[in-house]
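The values are calculated or read from the model by the stated rules, or taken from the named source; none is laboratory data. Just so you know, these numbers come straight off a predicted model, no measurement behind them. All Cβ positions, even for glycine, are placed from backbone atoms using ideal geometry, and neighbour counts span all protein chains on display.
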Amino acid sequence: MPGKAMAKRPAKPRRRSAEDRRRQVVAAARRVVLREGFEALTMRRVARLAGVSAAALYLYFPDRLSLMAAVADELFQGLLAAFREELARAEGDPDPRARLHAVMTAYLDWGLGHPDEYRVIFMTPITGVAGHRPGEPGVPSAPTGQATFQALQAEVARLIALGVFRPAEPQVVAEAIWAAGHGLVALLITKPEFPWSPRGALIQTMADAICRGFSADGAGLCPASEPAAQRGVHRHAEAGGRDPRPGRAS
């Protein structure tokens, strides 16, 4: 009627974009994987948890393998972000090895701070999903996982080019460093009952030993690089982390 305010119609709910739906599906798949592992991941289950039809799910992921790769890639994003944060902090450090130390510290610190995610992407076989190298044609990969390894390899290559590390194949050296770091993280996650030394000391000692082993002059990390390891100790303390040895605190 004239003179009366028109009643407002309720706003229509915003329609989710295809990208929003895809993120919703990956988030649902991630929850399943972190709780029960990749073997528990089925397309039907993820569709139900994500609130989409099975037919719609296949529009985003043509098969289970591609969904597994998407989950792995999403989990790697946290590690890559940690790498970039530590690399930014290492800028300006007079020790040319500081950036490599930063990457190593970020890897160890992230793995220990995210044990469930670490188990999934580094301690669980993901059949058919490529690792840090491109897979066979048609096999899905986790490009962010590849980027994390490439960040480590780039720092190794830089030190070899500068003459700080002895001449060697950067990929082989990077893989050896990765294997050493993985061994420490995996042991700390799976053997918490062992009376480990404080994490910061373990990280610093391993990083120093690796640098001495590959250095052209046999030198380890200079004192200017030590705060990178200490930051890891402080973050664990702020998060309530405890030294696993009886009667000790980290």
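Filter the stretch 168-212 down to the residues that are at pLDDT 90 or above, of a type in the set (D, E, K, R) and within 20 Å of ARG99 (Cα to Cα), then identify the one that is surrounded by the most Cβ atoms within 10 Å (Cβ to Cβ).
Checked the stretch 168-212; the qualifying residue surrounded by the most Cβ atoms within 10 Å (Cβ to Cβ) is GLU175.
What is the one condition in (1) at pLDDT below 90; (2) over 24 Å from ALA207 (Cα atoms); (3) not β-branched (Val, Ile, Thr) that HIS132 does not satisfy?
(2) is the only condition that HIS132 fails.
What is the one condition in (1) free of Cβ contacts under 8 Å to residues at least 24 places away in the same chain; (2) loosely packed, with under 15 Cβ neighbours inside 10 Å; (3) farther than 30 Å from SER215 by Cβ; (4) not basic (Lys, Arg) that ALA88 does not satisfy?
(3)
Show me the helices (runs of 4 or more DSSP H) entirely contained within the stretch 49-133 in which 2 or more residues are of a type in the set (Val, Ile, Thr).
Those helices (runs of 4 or more DSSP H) span 98-113, 115-122.
Looking only at the stretch 13-68, count every residue that is within 19 Å of MET123 (Cβ to Cβ) and of a type in the set (Lys, Arg) and tell me the total.
Matching residues across the stretch 13-68 total 3.
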